[in-house]
1. Scan the range 143-158 and tell me whether some residue there is assigned by TED's automatic domain parsing to the domain that holds S120, loosely packed, with under 13 Cβ neighbours inside 10 Å and part of a loop (DSSP other than H, G, I, E, B).
2. What are the residues in the range 16-35 that are buried (at least 19 other Cβ atoms within 10 Å of the Cβ) and either within 9 Å of ligand 1 (Cβ to nearest atom) or free of Cβ contacts under 8 Å to residues at least 40 places away in the same chain (or both), if any?
3. Scan the range 250-288 for residues that are away from ligand 2 (no atom under 16 Å from the Cβ), open to solvent by less than 30 Å² (accessible area, probe 1.4 Å) and either within 23 Å of L317 (Cα to Cα) or aliphatic (A, V, I, L, M) (or both) and jot them down.
4. Which of the following residues is outside the structural domain of V122 (by TED's automatic domain parsing), within 16 Å of ligand 1 (Cβ to nearest atom) and not in a helix (DSSP H, G or I): F251, F270, F258?
5. Exactly one of these conditions fails for A127: (1) more than 15 Å from ligand 1 (Cβ to nearest atom); (2) open to solvent by less than 10 Å² (accessible area, probe 1.4 Å); (3) of a type outside the set (F, W, Y). Give me its number.
6. So, in the range 89-104, of the ones that are among the polar types (S, T, N, Q) and assigned to a helix (DSSP H, G or I), which residue ends up nearest to P280 (Cα to Cα)?
7. Among (1) open to solvent by 60 Å² or more (accessible area, probe 1.4 Å); (2) out of contact with any strand residue (DSSP E or B) (no Cβ under 6 Å at 6 or more places or on another chain); (3) not basic (K, R), where does G200 come up short?
8. Might you let me know whether the range 15-28 holds any residue that is within 15 Å of ligand 2 (Cβ to nearest atom) and touching a strand residue (DSSP E or B) at 6+ places or on another chain (Cβ under 7 Å)?
Amino acid sequence: MQITMIGAGYVGLTTGTCLANMGHDVCCYDIDSRRITRLERFDLPIYEPGLENAMRRAVEVGHLRFSSKIRTSVSEADAVFIAVGTPSAPTGGIDLTHVFSAARQIAPHLKRGAVIVIKSTVVVGTAQRVREMIARERGAFDIRVASNPEFLREGSAMRDFAEPDRIVLGADDARSRRLLRSIYGTFEKIGIPMVVTSTGNAELIKYAANAFLAMKIGFINDVADLCEKAGGDIADVTRGIGLDHRIGDSFLQPGPGFGGSCFPKDTRAFAATGRQYGAPQKLIETLIARNDQRKTALARRIVKEARLAPGSKVTVLGLAFKANTDDVREAAALSIIPFLREAGMHVTVHDPKAAFNARAHLSDVTWSDCPYKACKDAAAVVFLTEWEEYRALDLGRLAKTLSGDFLFDYRNLFEPRTVARHGLRYASLGRSTIFTRQRADVSSLETWPRQIAAPGHI
Ligand code: UDX
Ligand code: UDX
């Protein structure tokens, strides 16, 4: 099948490449011609593990090409996916400008009977609005519009595409339903559940799924806070609840507040849709506020708990909103670092992949290309992204470079005992802070966990 992807960003590029590797003929279009020139040289504008090799394979066998010319990109296509960004609007809803402008651009060039498939995350009713818009532009209702939301996590998008839990196919007519089914026929044959439904339901499914997943994270973050105060251990608590199949053990990892291009934006849009339709989503409204507060609370905790005076050096390791991506959209680092700067700290930062993107958002920080060098003479170190290379750091070596001794681990990368063994004071999430008063004083470790802070201490 001839497929065109409008928007060669995180979602469009990954989806286009995977569809090409399934045997479809795919053209990835982007309005940004420099992006297309780079893609033709396999100079990827985003970091996504496995994507480059998959792209090379698909291009070599002639199933994938790139273009910034709209007419030739779409004129022969049976299906045109729209995968442009849908950023937050000031009201909390989403800004559909890119989706509508993409629809307008493609409208005059589509062949009769082509189907537009909306991949971008859009509020309920958008597919129908796009259908009407296209009909106005063409003077005929000869183009169908379907909805096929994505559930790809950055960092594991290739695997998520290949091993989906389900595929949601939203169509309001038989032709689009048939077309969607044939695009994903290979998956249906191997028994992947297909949720075939209306476009409105597909749009609602995407938001409800992301809101629910975000709620799991928000919930476990609150439980982690309670564990800290009550002297509990979040790892045991999550294992204890996650083994209940009704709950499940995924998305229960406490962190510095969820970020990324989806959860913050999608929860806001879901809440705004609820308000618009008179069906308030109070749980989600609270979740949004709690998640924002969490980032500030964890920033304040660094200054307070390590008793940092203005002018102290703090090193932040990890700028990406999670590991294995270079994306910093709504990353905790972008809230926590400005707070530290305002509190008068000198901040040095490091990230293995996201430093380039973070430069557009962070000023007045020192950039480092090595975590050990970044930590030199720091009063405190803060981990915000769960990169494997941070987990593998030699804490003994790190401890020797510091001027202070406080390690804030907002991703629970280390075992408290291991950190304490290096004479570092350690604050992680959902586990009580360990105070080792003197460096290299490991004798008292045998008595841990009695040594943990008493309730109310933190
Ligand atoms: C996607 C989704 O589509 C969004 O709705 C979802 O919530 C998050 O994931 P993403 O792939 O992250 O967005 O967007 P981005 O990486 O910003 O890429 C969008 C691309 O579309 C850009 O390369 C941009 O140049 C291109 N674009 C934008 C067009 O080709 N045409 C336009 O009219 C607008
Ligand atoms: C999300 C959805 O998971 C995916 O289905 C798609 O709709 C796009 O949006 P993505 O934003 O790439 O994917 O990453 P995800 O792995 O969902 O993480 C989002 C945020 O939640 C990150 O900041 C991450 O660190 C945080 N998170 C995730 C936690 O804090 N704990 C967890 O257990 C899982």
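1. Filtering the range 143-158 down to residues assigned by TED's automatic domain parsing to the domain that holds S120 leaves 143-158.
Going one step further and asking which of them are loosely packed, with under 13 Cβ neighbours inside 10 Å, we end up with none.
Within the range 143-158, not a single residue is assigned by TED's automatic domain parsing to the domain that holds S120, loosely packed, with under 13 Cβ neighbours inside 10 Å and part of a loop (DSSP other than H, G, I, E, B).
2. Within the range 16-35, V26, C28, Y29, D30, R35 meet the criteria.
3. A271, A272, listed by residue number.
4. F258
5. Unmet condition: (1).
6. Among those residues, the one meeting the criterion is T97.
7. (1)
8. yes
The values are calculated or read from the model by the stated rules, or taken from the named source; none is laboratory data. Worth saying up front: this structure is predicted, and the values here are computed from it rather than measured. We place every Cβ from the backbone using ideal geometry, glycine too, and count neighbours over all the protein chains shown. What goes into the accessible areas is simple: the full protein's heavy atoms, side chains included, and nothing from ligands, DNA or RNA. Shrake-Rupley method; radii C 1.70, N 1.55, O 1.52, S 1.80 Å.
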